[in-house]
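**Student:** The structure that follows is given in the form of structure tokens.
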Amino acid sequence: MKIIIFLLVFFMMGLSAQAQEIQVKKISVGKEFFEQPNAQADQWSQVPESRVTLLPQNITTPSLLAPTINLVQIKALHNGKWMAIRVEWPDTTDDHQVTTDQASDAIAVQFPLKEGDKTSPFMGSKDAPVGIMQWKALWQHDIDKGYQKVTDIYPNTFYETYRFGIKAAEEAGNSVSRQQRKSPVEEYVAGGFGTLTVQPHQDALASGSWLNGKWVVVFARPLKNSDKNDPRFSAGDKSVIAFAVWEGGHKNVGARKNYAMWMPIVFEKK
Amino acid sequence: MAPVKNWQLDRNMEYSYEENRPKKQLAYVFDTNKCIACQTCTVACKTTWTSGEGQEAMFWNNVETKPYGFYPTAWDVKILDQLGSQEWNDKTYAGKTVFEAAPPGERVLGYLPGDSDYANPNLGEDEIAGTLDQGAFFQGVHNAWMFYLARICNHCTYPACLAACPRKAIYKREEDGVVLIDQSRCRGYKECVKACPYKKTFFNMVTRTSEKCIGCYPLLEKGEQPRCVQTCIGKIRLQGWLSKPEEAQPDNPLDYIVHIKKVALPLYPQYGTEPNVYYIPPIQVPRDFLLQMFGPHSDEAIKTYKAVKEDPKLLAAFLLFGSSPKTITKFDYNEKEAIGFNENNEELVRVPLIEPFFERDFFDAKLEVYRHNTP
């Protein structure tokens, strides 16, 4: 049954994906454009926008049965050495806290590390891994306003034994618990469901902001580098790209996400 | 899904992974009849493991008053309500487990509690099940009831938390059956919090990962019982290693109590996780409540418990509760004493079956004081 759904979804998305292609426009901008990603920069007005439809992830469990975000608007540019992707999507709430019943808004961008048509869009596969960049509203808030404390959410919390406590996950080196976070984006490599692994070397940059019911996030990364877990691109290349969006207000987390299948992406040559 | 044997249900059931029992299984017996809800276990656990930031409302061990006590709020009745019919054909479970009843898109039937559900760990404390008729207090036995239910992670044979984790960040240790969340791998998806029908995995909003009872494995590895067991002043708890039913050893106190005498029963066996904390049911509680909470062996368990005076071996096993900080893996008894041994057959403890009776003179000549009971 799952295979039939998979094929059906693949076929349907194939049809819609054919109609679209994301153009990574070549624009002459300096390195600082990428080092401090800015969604409002003038250069974005020169870049054509693509609209990408999202589907609820119900290929594997745990699933999202109904979509919570339907559409993302994409713009992308490069300068021959760096690339940037600007993603915009409607979300009525800015969800940037996590508790048992709160989850963070987030977005991820995925590229194949080998040739796209041989790689599963669903977190890649063992022999054809994918590279992923994920931005979270929670992490952006950590950087902009400081790491979330219990009293940020429940101001009257009083506790006097903190000095005896440990933060096991932080001590174990888990990146999700890192209090001294420097970036709102994290890079992963994956080779199938459940294999998401934080890359030892982090190269991506990002910045996001929520205004008037919309998130706008800009990712930036070098087109190529020496990291074997990163995709390598050159002007004129064709590849594929996929997206995932989480709506924290609906408790979207992990596999409970909205996703877009592989879309063709072309890096303008000139 | 794979078919696995669940002896508590007396049938096979569907589980996310194949049957893979550990070399030995961490297990506990709790005697609900002896618990006074002093919460010493709760505090021992709290000060040992969950005194940090993000763990303010986290109790890996809690003691709640049944029927109206819950931590988190309504944890059991919410799942029981969703699970549908939970009939037993004699001793075989005819209903669905939390795995078999999983709705579309889910691995396990569950629900995610809200923050406020953890805010009232003493909800319903000491409340009785009903009101007393006027004057009933003076008429001897009456029908109002309550009891204390001490709860920790059940270190299930088929953990729902483990089945639900899409990252395989939860594992069951091969050497002792302890169920752990790998804190370096967890990404805080809370699928385990949602799935555990006993609600014994918790989300930590500071580390942003899920955390749970670790069975005090550093103590287990030293041959010692966990903190909640060692500190229990009511001596209601015994920790040990439980064999498979067909391999039960009559000289293993846990095997004897659970498998051979069947006097201690799993909590909500119908969930299907094969939990490994076994409860001696409270004898004063209505039968229907016990059947729902501890399964179809409740009647026999209470009968056996009430007859313990005529069963010196069972009495000996019971008297080992709280007798030693060490894990008792083997026991023996004679007409006077219960004797506990460790895995190397070294004697750990001797407990008299009947406490010696001393009668002393009213006047203590040595200290020149009168002895008397101070009320």
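The values are calculated or read from the model by the stated rules, or taken from the named source; none is laboratory data. Because the structure is a prediction, the values reported are computed rather than measured. Every residue, glycine as well, gets a Cβ built from its backbone with ideal geometry; the counts of neighbours run over all protein chains shown. Just so you know, the surface numbers come from the protein's heavy atoms only, side chains and all, with ligands and any DNA or RNA stripped out. Shrake-Rupley method; radii C 1.70, N 1.55, O 1.52, S 1.80 Å.
**Student:** Give the residue, chosen from B:GLY105, B:GLY110, that is within 11 Å of another protein chain (Cβ to nearest Cβ), open to solvent by less than 30 Å² (accessible area, probe 1.4 Å), in contact (Cβ under 8 Å) with a residue 60 or more places away in the chain and among the small types (Gly, Ala, Ser).
**Tutor:** Details: B:GLY105 fails: in contact (Cβ under 8 Å) with a residue 60 or more places away in the chain.
Checking each option against the conditions leaves just B:GLY110.
**Student:** Additional query: What is the number of the single condition among (1) open to solvent by less than 30 Å² (accessible area, probe 1.4 Å); (2) facing another protein chain (nearest Cβ under 9 Å) that A:PHE193 does not meet?
**Tutor:** (1)
**Student:** Filter the range B:118-144 down to the residues that are modelled with pLDDT under 95 and not in a loop (DSSP other than H, G, I, E, B) and list them by number.
**Tutor:** B:ALA136, B:PHE137, B:PHE138
**Student:** OK, next. Restricting attention to the range A:214-262, and to residues there that are part of a strand (DSSP E or B), charged (D, E, K, R) and in contact (Cβ under 8 Å) with a residue 40 or more places away in the chain, which single residue is most open to solvent (accessible area, probe 1.4 Å)?
**Tutor:** Only one residue tops the list, namely A:LYS214.
**Student:** For the range B:78-102, what are the residues that are within 12 Å of chain A (Cβ to nearest Cβ) and under 24 Å from the mean Cα position of the chain (by Cα)? Quick ask: steps written out before the conclusion?
**Tutor:** Pass one, the range B:78-102, residues within 12 Å of chain A (Cβ to nearest Cβ): B:99, B:102.
Passing the criteria: only B:PHE99.
**Student:** From the list B:GLU175, B:GLU191, pick out the single residue that is under 24 Å from B:GLU221 (Cβ atoms) and at pLDDT 95 or above. If you could, list the steps in order and put the result at the bottom.
**Tutor:** On the way: B:GLU191 fails: under 24 Å from B:GLU221 (Cβ atoms).
Matching residue, one of B:GLU175, B:GLU191: B:GLU175.
**Student:** Identify, please: which residue in the range A:182-205 is without any contact (Cβ under 8 Å) to a residue 24 or more places away in the chain and β-branched (Val, Ile, Thr) and is, among those, nearest to A:LYS31 (Cα to Cα)?
**Tutor:** Restricting to residues being without any contact (Cβ under 8 Å) to a residue 24 or more places away in the chain and β-branched (Val, Ile, Thr), the top hit is A:VAL198.
**Student:** When the range B:222-276 is examined, which residues are found to be open to solvent by less than 10 Å² (accessible area, probe 1.4 Å) and assigned to a loop (DSSP other than H, G, I, E, B)?
**Tutor:** Selection gives B:GLN225, B:PRO226, B:ILE236, B:VAL263, B:ALA264, B:LEU267, B:TYR268, B:GLY272, B:THR273, B:GLU274, B:PRO275, B:ASN276.
**Student:** Would you check if there is a residue in the range B:1-16 being more than 30 Å from B:TRP88 (Cα to Cα) and either surrounded by fewer than 19 Cβ atoms within 10 Å (Cβ to Cβ) or at pLDDT 95 or above (or both)? I'd like the intermediate steps shown before the answer.
**Tutor:** Keep residues of the range B:1-16 that are more than 30 Å from B:TRP88 (Cα to Cα), which gives none.
So far as the range B:1-16 goes, no, none of its residues is more than 30 Å from B:TRP88 (Cα to Cα) and either surrounded by fewer than 19 Cβ atoms within 10 Å (Cβ to Cβ) or at pLDDT 95 or above (or both).
**Student:** State yes or no: is A:THR92 closer than 25 Å to A:VAL72 by Cβ, β-branched (Val, Ile, Thr) and within 14 Å of another protein chain (Cβ to nearest Cβ)? Reasoning before the result, please.
**Tutor:** Details: closer than 25 Å to A:VAL72 by Cβ: yes; β-branched (Val, Ile, Thr): yes; within 14 Å of another protein chain (Cβ to nearest Cβ): no.
So A:THR92 fails the test.
**Student:** With the condition being away from chain B (no Cβ under 11 Å) and surrounded by fewer than 18 Cβ atoms within 10 Å (Cβ to Cβ), I'd like the helices (runs of 4 or more DSSP H) fully within the range A:100-177 carrying at least 2 qualifying residues. Can you show your working first?
**Tutor:** Values: elements: A:137-145, A:150-153, A:168-171.
Where helices (runs of 4 or more DSSP H) fall fully within the range A:100-177 and carry at least 2 residues being away from chain B (no Cβ under 11 Å) and surrounded by fewer than 18 Cβ atoms within 10 Å (Cβ to Cβ), they are A:137-145.
**Student:** May I ask you to say which residue of B:TYR217, B:TYR198 is open to solvent by less than 30 Å² (accessible area, probe 1.4 Å), among the aromatic types (Phe, Trp, Tyr) and either under 14 Å from the mean Cα position of the chain (by Cα) or over 23 Å from B:TYR15 (Cβ atoms) (or both)? Spell out the reasoning first.
**Tutor:** Working: B:TYR217 fails: open to solvent by less than 30 Å² (accessible area, probe 1.4 Å).
Being open to solvent by less than 30 Å² (accessible area, probe 1.4 Å), among the aromatic types (Phe, Trp, Tyr) and either under 14 Å from the mean Cα position of the chain (by Cα) or over 23 Å from B:TYR15 (Cβ atoms) (or both) holds for just one of B:TYR217, B:TYR198, which is B:TYR198.
**Student:** I would also like to ask the following. Tally up the residues in the range B:44-61 that are outside any loop (DSSP other than H, G, I, E, B) and either more than 13 Å from chain A (Cβ to nearest Cβ) or touching a residue at least 12 places away in the same chain (Cβ under 8 Å) (or both), please.
**Tutor:** Here is the first cut: in the range B:44-61, the residues outside any loop (DSSP other than H, G, I, E, B) are B:44-49.
From what is left, the residues that are either more than 13 Å from chain A (Cβ to nearest Cβ) or touching a residue at least 12 places away in the same chain (Cβ under 8 Å) (or both) are B:44-46, B:48-49.
Residues that pass the stated criteria total 5.
**Student:** Ok, one more. Which of (1) over 29 Å from B:ASN252 (Cβ atoms); (2) in a loop (DSSP other than H, G, I, E, B); (3) within 19 Å of the chain's Cα centre (by Cα) does B:GLU64 not meet, given it meets every other one?
**Tutor:** Result: B:GLU64 passes all but (2).
Here is a yes/no grid of residues against (1) within 14 Å of chain B (Cβ to nearest Cβ); (2) under 19 Å from A:HIS96 (Cβ atoms):
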{"site": "A:ASN212", "(1), (2)": "no, yes"}
{"site": "A:VAL218", "(1), (2)": "no, yes"}
{"site": "A:ASN229", "(1), (2)": "no, no"}
{"site": "A:ASP237", "(1), (2)": "no, no"}
{"site": "A:ALA242", "(1), (2)": "no, no"}
{"site": "A:GLY254", "(1), (2)": "yes, yes"}
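**Student:** A further question on this structure: Out of the range B:113-148, which residues are of a type in the set (Asp, Glu) and open to solvent by less than 40 Å² (accessible area, probe 1.4 Å)? Break it down stepwise before answering.
**Tutor:** Looking only at the range B:113-148, we keep the residues that are of a type in the set (Asp, Glu), and these are B:115, B:117, B:125-127, B:133.
The answer is B:ASP115, B:ASP117.
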